[in-house]
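As structure tokens, the structure follows; a few thoughts come after it.
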Amino acid sequence: MPEPVGAHRRLFVTGAVLGEGPDAAVPVHYGAPLREQRRLLDRRAVVDLGQLELLEVRGTDARTWMTTITSQVLAGTPVGSSASLAVLSPQGRVEHLASSVVLEEEALLLILDAGARAGLRRYLEMMRFAARVELIDRDDLRVLGALAPAAEVLPGLGLPDPVAVWAEPWPQVALGGVAYGPDPEDPVGAVLTVLDAAALGGLPWAGEQLAGMSSWEALRIADHRARAAREIDERTIPHELDLLRTAVHTAKGCYRGQETVAKVLNLGQPPRRLVMLHLDGSQDLPVGVGGEVRLGGADGKAVGTVTSSALHADLGPIALAVVRRAVPLDAPLSVGVAVADSAGEDRVTWVDAAQEPIVVARDHGERPATAKL
């Protein structure tokens with residue numbers, strides 16, 4: 001296989017096994033996924049997130065304009081500050097999700113999932129009108145993921161000065177946010193360090209300094225953090241994924257989709273909910289993305305879909321799934337896994353799963369009394 005070029009060129013090749021789907025450009029592991037995950041947890045390794053895309057929004061109106069058209073307040077925040085943001089449809093569905101860093105008083109850097117930049121850029125160009133802003137694709141930059149800034153994790157590697165460092169105190173509720181469920185147990189968070197791509201490619205990387213995407217995904221799932229390329233579909237509203245915790249400011253001025261956000265927050269319940277699944281590992285069957293989730297065993301009712309899955313070093317096999325709101329929080333579930341039989345044909349085997357709630361029904365309190373005629 002030819003070596004990738006540009007921002008997707010692998011930092012370290014020996015033992016690298018490439019991922020699939022949105023992570024096809026970067027290693028899923030380097031031959032020892034659980035050891036890599038331990039090094040990541042111990043803050044001794046970083047993850048190559050070269051598949052992520054970056055977009056700079058620069059200009060006199062950049063921060064006020066982005067505050068107007070997204071779900072987050074970006075005007076007036078300190079230089080260097082981090083935030084999560086969403087762009088919603090008029091019906092309140094999530095169309096785009098990004099991590100943002102204030103580079104300068106008149107510049108923001110948006111960090112986006114693989115393949116997401118083109119769509120967001122089209123929307124921003126459509127909404128620019130007379131705003132004094134410029135949109136710049138930053139393919140000269142590359143993202144490293146870790147549990148601390150990359151220079152703190154690898155102090156002896158000679159990393160260049162970062163262009164930006166994104167970090168938010170997850171699962172702490174951001175200013176203007178609302179939690180839609182309990183905090184995860186033992187959260188570890190995430191830090192994204194943005195650096196010059198060419199400088200990173202020229203460093204003397206060693207295998208023990210890197211962990212693969214399987215490690216990063218395992219920690220993300222255990223942290224209950226939704227990802228744009230995995231958990232969001234055409235029906236997603238922010239409440240279903242606990243995005244109001246950090247990505248939606250519920251007290252800001254008008255923005256597209258705000259009516260749905262306010263109505264569900266104050267009066268209703270989201271139609272679906274994100275849940276973490278603890279999977280039965282005794283059958284040693286890898287649960288894949290897209291696996292059907294059923295209530296009541298193999299012959300039960302289909303109630304949702306697996307969106308992410310991983311093997312966690314401490315928790316074992318875990319997954320995120322989006323299920324119907326009506327599924328009881330404590331009900332045991334089953335997940336379908338396609339397994340090839342002796343004839344090479346796929347059959348579905350069912351794996352037991354226990355729920356760890358992420359999104360739960362919101363208590364709106366007693367409804368006000370209505371006037372009687």
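Working carefully through the options Leu135, Leu159, find the one that is surrounded by 14 or more Cβ atoms within 10 Å (Cβ to Cβ), in contact with a strand residue (DSSP E or B) (Cβ under 7 Å, 6 or more places away or on another chain) and not in a loop (DSSP other than H, G, I, E, B). Show your work before the answer.
Working: Leu159 fails: not in a loop (DSSP other than H, G, I, E, B).
Exactly one residue qualifies, and that residue is Leu135.
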Worksheet item: Any idea which of (1) in contact with a Ser or Thr (Cβ under 8 Å, 6 or more places away or on another chain); (2) modelled with pLDDT under 95 is the one Pro33 doesn't satisfy?
Response: (2)
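Applying the selection to region 337-353, what residues are farther than 22 Å from Leu295 by Cβ and small (Gly, Ala, Ser)?
Within region 337-353, the subset farther than 22 Å from Leu295 by Cβ is 340-346.
If the condition is that a residue be farther than 22 Å from Leu295 by Cβ and small (Gly, Ala, Ser), then Ala340, Ser342, Ala343, Gly344 are the ones that fit.
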Worksheet item: If Ala151 satisfies every condition in (1) touching a Pro at 6+ places or on another chain (Cβ under 9 Å); (2) under 21 Å from Thr77 (Cβ atoms); (3) hydrophobic (A, V, I, L, M, F, W, C); (4) open to solvent by 50 Å² or more (accessible area, probe 1.4 Å) but one, which is the exception?
Response: (2)
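Considering only residues that are under 19 Å from Val28 (Cβ atoms) and over 20 Å from the mean Cα position of the chain (by Cα), look in region 283-295 and name the one that is surrounded by the fewest Cβ atoms within 10 Å (Cβ to Cβ).
Asp284
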Worksheet item: Do we have any residue at all in region 22-42 that's of a type in the set (A, V, I, L, M, F, W, C), touching a strand residue (DSSP E or B) at 6+ places or on another chain (Cβ under 9 Å), touching a residue at least 12 places away in the same chain (Cβ under 8 Å) and part of a strand (DSSP E or B)?
Response: yes
Worksheet item: Out of all the residues in region 210-222, is one or more under 20 Å from the mean Cα position of the chain (by Cα), farther than 21 Å from Arg35 by Cα and among the basic types (Lys, Arg)?
Response: no
Fill in: Pairs where the first residue, in region 184-209, is under 30 Å from Pro357 (Cβ atoms) and the second is acidic (Asp, Glu) and open to solvent by less than 20 Å² (accessible area, probe 1.4 Å), C-beta under 8 Å, 6+ apart
Pro184/Asp223; Pro187/Asp223; Val188/Asp223; Gly189/Asp223; Ala190/Asp223
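Does region 11-34 contain any residue that is of a type in the set (D, E, K, R) and over 30 Å from Glu134 (Cα atoms)?
Taking region 11-34 as the starting set, the residues that turn out to be of a type in the set (D, E, K, R) are 20, 23.
Next cut, over 30 Å from Glu134 (Cα atoms) only: 20.
Yes, that holds for at least one residue.
Restricted to region 296-332, and to residues that are among the charged types (D, E, K, R) and not in a strand (DSSP E or B), which residue is least open to solvent (accessible area, probe 1.4 Å)?
Residues of region 296-332 that are among the charged types (D, E, K, R), as a first pass: 299, 301, 314, 324-325, 330.
Next, only the ones that are not in a strand (DSSP E or B) stay: 299, 314, 325, 330.
On the way: Asp299: 153, Asp314: 102, Arg325: 120, Asp330: 133 Å².
So the residue we want is Asp314.
Of all residues in region 64-78, which are open to solvent by less than 30 Å² (accessible area, probe 1.4 Å) and not in a loop (DSSP other than H, G, I, E, B)?
Residues of region 64-78 that are open to solvent by less than 30 Å² (accessible area, probe 1.4 Å), as a first pass: 65-67, 69-72, 74.
The answer is Trp65, Met66, Thr67, Ile69.
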Worksheet, complete the sentence: Result of the Cβ filter at 8 Å on region 104-121, keeping first residues that are on the phi > 0 side of the Ramachandran plot and in contact (Cβ under 8 Å) with a residue 40 or more places away in the chain and partners that are assigned to a helix (DSSP H, G or I) and not small (Gly, Ala, Ser), at least 6 apart or interchain, is Gly115/Pro22
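Which residues, counting only those in region 256-295, are among the hydrophobic types (A, V, I, L, M, F, W, C) and part of a helix (DSSP H, G or I)?
Once the filter is applied, which keeps residues that are among the hydrophobic types (A, V, I, L, M, F, W, C) and part of a helix (DSSP H, G or I), region 256-295 yields Val261, Ala262, Val264, Leu265.
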Worksheet item: Which ranges mark the helices (runs of 4 or more DSSP H) fully within region 166-255 that have 3 or more residues being open to solvent by less than 50 Å² (accessible area, probe 1.4 Å) and either over 21 Å from Leu74 (Cβ atoms) or among the β-branched types (Val, Ile, Thr) (or both)?
Response: 197-201, 213-222
Item to complete: Give Arg347, Arg272 a once-over and let me know the one that is of a type in the set (D, E, K, R) and without any contact (Cβ under 8 Å) to a residue 24 or more places away in the chain.
Response: Arg347
Discussion item. Can you list residue pairs whose Cβ atoms sit under 8 Å apart, with the first residue in region 304-319 being free of Cβ contacts under 8 Å to residues at least 12 places away in the same chain and the second being crowded, with 23+ Cβ neighbours inside 10 Å? Count only pairs 6 or more apart in sequence or on different chains.
Written reply: none
Fill in: Residue under evaluation Arg227, criteria (1) free of Cβ contacts under 8 Å to residues at least 40 places away in the same chain; (2) touching an Asp or Glu at 6+ places or on another chain (Cβ under 8 Å), criterion not met
(1)
Worksheet item: Are there any pairs with C-beta distances below 9 angstrom linking a residue in region 138-158 that is closer than 20 Å to Pro204 by Cβ and hydroxyl-bearing (Ser, Thr, Tyr) to a residue that is assigned to a loop (DSSP other than H, G, I, E, B) and at pLDDT below 95, with the two at least 6 apart or on different chains, and if so which?
Response: none
Worksheet item: What tally of residues in region 79-103 results from selecting those that are open to solvent by 10 Å² or more (accessible area, probe 1.4 Å), out of contact with any Phe, Trp or Tyr (no Cβ under 8 Å at 6 or more places or on another chain) and free of Cβ contacts under 8 Å to residues at least 40 places away in the same chain?
Response: 2
Practice prompt. Say whether the condition of being at pLDDT 95 or above, within 30 Å of Ala313 (Cα to Cα) and surrounded by fewer than 20 Cβ atoms within 10 Å (Cβ to Cβ) is met by at least one residue in region 115-130.
Written response: yes
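The values are calculated or read from the model by the stated rules, or taken from the named source; none is laboratory data. All of these numbers come straight from a predicted model, not from anything done at the bench. Note that each Cβ is placed from the backbone with ideal geometry, even for glycine, and that neighbours are counted across all protein chains shown. What goes into the accessible areas is simple: the full protein's heavy atoms, side chains included, and nothing from ligands, DNA or RNA. Shrake-Rupley method; radii C 1.70, N 1.55, O 1.52, S 1.80 Å.
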